[in-house]
């Protein structure tokens, strides 16, 4: 199931969220590509009109217990608040999503 067309977690129907929920943590399992698309769309929606900053591809990391299993590189501070906006966005999405096996 591809979630690439979704712009926000709230757009996912409750039945789909329940079916895709990660059993270990209360996060929805998504592919790397789907997570990237959702992050990119939400970042563009939230940030200033800066043309320098962009979302990097998230990558899997080892996790223990209820920790999130992905992270991504953050851009350098451009002076437009993009780095801070992206840090908040990644924090929000790490609470909502886990990376599934691609």
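Read-outs throughout are calculated quantities, based only on the coordinates presented, and are distinct from any laboratory measurement. None of these values were measured; they are calculated from a predicted model. Neighbour counts are summed over all protein chains in view; Cβ atoms, including those assigned to glycine, are modelled from backbone coordinates with ideal geometry.
Of note:
- Estimated inter-spin distance, residue 57 and residue 88, nm [label 7 Å along Cα→Cβ]: 2.9 nm
- Distance in nm between pseudo-label sites at residue 101 and residue 80 (7 Å out along the Cβ direction from Cα): 4.0 nm
- Segment residue 45-residue 67, extension gain: residue separation times 0.36 nm, minus the distance between their alpha carbons: 5.2 nm
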